[in-house]
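Read the structure below first, then the notes.
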């Protein structure tokens, strides 16, 4: 039965009500305590072999007969108009097969804002023209032969400048993203004026975070191939169906004629959730050249135009009673979105959600600049917002002389303050307790007073705590098919993608568990819009809770059909039959056991096909929770910060594959650590050029930077959220790390770092400022 | 052995061994070993990530030494022996102890840096069969991983080193 | 990369002859040259590959000195026991430079001649060092740049010298040998570097058509070491690097050489501090006073004042390690 329903679905930290189509009834939930044979067991990646032998084929590795290499000429100016463009010299270069520019390609791209090749260029890196050539060196030679005359326009490069009244307008829709016709998004709960009146202690601070660049190791890029009117795109993406829609729309083609493939993907972290211009440009070049075209970004392009976590400027004020009850939180946040992004990251999410507080006001401004656009980056907004909030709370605790853990317990909210409802599950208090145990603290209370952990020469030691909240409930639509072949081997199909998180493995476990077959008999097919029903984007920690239930339901459907068939041959009612380890048995008896293939042999080429879909979400809000404790050393002479240990405990519902989950946790922590201490985009303020668009100058953590990481999931099934009991886990581990490190730095030095990353420059400057303030106080 | 002395114009004929197989190719002098492997020999296991020597993803063994293919000219490899990730498993397809350990310890996520990691680790264990954790951190420092699989990588190198057949 | 011809030279003589062609460049490890070519910072018409000159790969222990061939890689230096025990500063510096694969490829000769790491120099800016009119870093992003010799009268270019081994070798009093088609040279390593001038926009004194053949280390000091502050645990150019070597007589410092990298356009010596170190036992050096002396001539730029503090901190670390 097909039904149309409304349900709440959350994407990258924002909850929307969506109208979705669902079909039949879903299976009963796997309750807490359910006996599993595979779910919850740490298994190896099902495609590990391909990944360790070099056999895994990524988009970058696709090679087709006659394939050309393409490169793009990009704007050298942060804001300019093309006066004229002449590609004739480039066209004469031997080995050049196609050139596209505004002269021969009129394609809409950003609706009402810019075309694919626009005459107005709005950041260094904006697309001017593209060439396809016999090899990449020749393509680059040709770019130097394209003659363009530019009229340079005034550019605005910082969020402060762009948001100032009277700043040059750099975007047809204004410099600040509109929300219901107003600049920015205002949220209020209660009255902060009232809240601050009731406060006996307040703290305020202005916090800054820098632009973080994803630096997925596989750059964005595409291979395009035409077969008649049909187009196949290989794309390094987190959302094959999203690419299909975007490409079809740009080229005015029916969806049925565009196929998108991404079987292996070299990292995305959010940046490959939206579709960039490459697949369309590659398709245009391929059509002109009548040959397949590969168009991969190089590292500088990746770091200039393929997305980033925008910088933030956050003014936060919090108030509490003398006995430590929060009375008000007020946050005004600006977040840089670059030029073309049309949404602002949810910097205010933590302030709204984390603590029990009757009076909250947040204003979030998404500010445009003449810089490359932001793209979602693992918990966009929450990582930045959590740093400011948890720093301010830590300051408040210091002022109250209250243990930060006690404060957090005291201000814990049992219910969702927006809806007044219970959450589908919430084990945040257990996360605090567990993180404390994992870091090895004996005491009930967490924090020693600043400086009391002692020093090793100039290295002062400190410890800090921060919390995590995020969505991660997932939701419809998501579909899966389970096919059982005559030999008993099983194929699971879903039009989604494994971006390296281990999705394919976890979903294979779910399918094998529900079917009652060994993991090895499952072949999970994904990464091709033509080889499976719709699967969602891999973002926002939604994959397992969205697709997992669909896969389980498809497997249950297939099993039901199989047992009905077996019932005929085994002369036993289907409800008394079981499928265990690939064999069908009668409940409670060992004799008459039949292998799957024996039954399937009897029915010839009939293919059992199970169908599954993701049902609606419950009315209760679904969120993930967690806590991390960082132990650091700060060298007060050189300003260097060393992270020694991180303990992490997160509530992400039931764990499907603990091995894969631990990797997610480690990876999130390290990206959070990079954001906290080393990673920042450096922009030349005169030109708007990214000066450190390389993996040499932009410092991501190396293996030598890795702290001791002790990670754990609380692991309690959330059976209200969905029938597999899992919540998402991709985002949660990155959210509290930088905040915990910042609090640990404060604990070590007594100095509050209000700007990330905490590089030697910022640490030494903060220490010097605090020192001179201290001196000043002494003199006075 | 064919030796390049001086090229005529900007192409050269070179002979090299890749994973014990001989290749003879005429290449532009500006072609890197990385592009030769990936585009001409279709050995795409060696990855291109930065193409500037900043990440280690293109690590191969050249005459036994771990080097970056993106900063090695193909023409300079005339007469040399190159090993890539495709040549690490045994002829019968069985994985090396390191490859197996990377799977067991989940020393990878997206897998894009993995071939380079395994090549570096292979060289590391050959020179130092039982490295300490600190030596692994130093020895593997030239291979960046953005997914943050380092913890599993350290465990994998330790596991392979104690398995004794590397 | 541009198209180029490629030639192999089996000896420095052959290489020097091939370099007569104005647009020729030597390639050995290629770890600095190829990125410069890929970024179109340099576009030689011919590369002269000297990596097959076998003698250039030898380390020769003499009675009074140690000679390291120009083609010896940083890895080979790190692995060499003589260097590790007798010229520790050099082993430290090579071990802290770059990453394992780059150390396997990069040669000591090439390392000494590596180009500026300034992002403006490496990027599409017509900067002063490349022949333009302006040092963009001076008013721009200069967090990692020089804090010494920064006045325009001293150096228009404010980039910080990137070589760790050069700083260590300066502290060790090394000499450098190079040759052209007609002559051989043997100079103090300190004389290999000079501040760039209007006419000569280069940090080195070596002629374009010369080939470095080796580095010579004089009699070993009692103790030497090199320390480096980086923005992450490894694989970064130095925010500051300090090389020091001392010779003791009856427990007191009789000779001292202190060199700084990453803080000036070229590796520099801190002679006033060297003088002030004399006569003290390594464990009894007045750290605060010396650190103050070390930075007395520092003239930081708009965004790198922190480096003055950082250098003092690193120096105190050096003194602690010197005493232990």
For residue B:111, the lone unmet condition from (1) at the interface with chain A (Cβ under 10 Å from one of its Cβ atoms); (2) over 24 Å from residue A:262 (Cα atoms) is (2)
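So that you can scan it fast, the table gives a plain yes or no per residue for (1) within 30 Å of residue A:392 (Cα to Cα); (2) assigned to a helix (DSSP H, G or I); (3) in contact (Cβ under 8 Å) with a residue 60 or more places away in the chain:
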position	(1), (2), (3)
A:223	no, no, yes
A:233	no, no, no
A:238	no, no, yes
A:245	no, yes, no
A:248	no, yes, no
A:256	no, yes, no
A:273	no, no, yes
A:285	no, yes, yes
A:329	yes, no, yes
Listed residues A:674, A:639; which is within 12 Å of another protein chain (Cβ to nearest Cβ) and either at pLDDT below 95 or at positive phi (or both)? A:639
Return the only residue of B:156, B:160, B:101 being more than 7 Å from chain A (Cβ to nearest Cβ), closer than 19 Å to residue A:658 by Cα, in contact (Cβ under 8 Å) with a residue 60 or more places away in the chain and buried (at least 24 other Cβ atoms within 10 Å of the Cβ). B:101
Here are some residues: C:146, C:182, C:155, C:151. Which one is over 26 Å from residue C:271 (Cβ atoms) and assigned to a loop (DSSP other than H, G, I, E, B)? C:182
Among what's in the stretch C:124-141 and is crowded, with 20+ Cβ neighbours inside 10 Å and in a loop (DSSP other than H, G, I, E, B), pick the residue that is farthest from the other protein chains (Cβ to nearest Cβ). C:135
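If you check residue B:57 against the conditions, is it part of a loop (DSSP other than H, G, I, E, B), at pLDDT 95 or above, within 11 Å of chain A (Cβ to nearest Cβ) and within 22 Å of residue A:67 (Cβ to Cβ)?
yes
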(1) buried (at least 20 other Cβ atoms within 10 Å of the Cβ); (2) in contact with a strand residue (DSSP E or B) (Cβ under 7 Å, 6 or more places away or on another chain); (3) outside any strand (DSSP E or B): which one isn't true of residue A:70, the others all being true? (3)
Name the single residue that is nearest to the other protein chains (Cβ to nearest Cβ) among those in the stretch C:32-47 being surrounded by fewer than 18 Cβ atoms within 10 Å (Cβ to Cβ) and touching a helix residue (DSSP H, G or I) at 6+ places or on another chain (Cβ under 7 Å). C:39
Scan the stretch C:7-23 and give yes if some residue there is touching a residue at least 40 places away in the same chain (Cβ under 8 Å) and touching a helix residue (DSSP H, G or I) at 6+ places or on another chain (Cβ under 6 Å), otherwise no. yes
Mind counting the residues in the stretch A:710-726 that are surrounded by fewer than 22 Cβ atoms within 10 Å (Cβ to Cβ) and at positive phi? 1
Quick check, is residue A:707 surrounded by fewer than 24 Cβ atoms within 10 Å (Cβ to Cβ), more than 28 Å from residue A:78 (Cβ to Cβ) and within 14 Å of chain B (Cβ to nearest Cβ)? yes
Would you confirm whether or not the stretch A:540-563 contains a residue that is in contact (Cβ under 8 Å) with a residue 60 or more places away in the chain, surrounded by fewer than 24 Cβ atoms within 10 Å (Cβ to Cβ) and not in a helix (DSSP H, G or I)? no
Failed condition for residue C:26, given (1) within 19 Å of residue C:68 (Cα to Cα); (2) part of a loop (DSSP other than H, G, I, E, B), with all others met? (2)
Strands (runs of 3 or more DSSP E) (entirely within the stretch A:102-200) containing at least 2 residues that are surrounded by fewer than 20 Cβ atoms within 10 Å (Cβ to Cβ): A:108-110, A:147-152, A:185-189
Spans of strands (runs of 3 or more DSSP E) in the stretch A:403-518 with at least 2 residues without any contact (Cβ under 8 Å) to a residue 60 or more places away in the chain and either within 14 Å of chain B (Cβ to nearest Cβ) or farther than 30 Å from residue A:385 by Cα (or both): A:490-493
Condition first: within 14 Å of another protein chain (Cβ to nearest Cβ), surrounded by fewer than 24 Cβ atoms within 10 Å (Cβ to Cβ), more than 16 Å from the chain's Cα centre (by Cα) and under 19 Å from residue C:263 (Cα atoms). Can you find one or more residues in the stretch C:150-157 that meet it? no
Restricting the stretch C:60-85 to residues that are surrounded by fewer than 22 Cβ atoms within 10 Å (Cβ to Cβ), within 24 Å of residue C:180 (Cβ to Cβ) and in contact (Cβ under 8 Å) with a residue 24 or more places away in the chain, which is farthest from the other protein chains (Cβ to nearest Cβ)? C:65
Which listed residue is within 24 Å of residue A:758 (Cα to Cα) and assigned to a loop (DSSP other than H, G, I, E, B), from A:347, A:337, A:383: A:347
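The values are calculated or read from the model by the stated rules, or taken from the named source; none is laboratory data. Given the structure is predicted, the values throughout are model-derived calculations rather than measurements. FYI the Cβ positions are ideal-geometry reconstructions off the backbone, even for glycines, and counts take in every protein chain you see.
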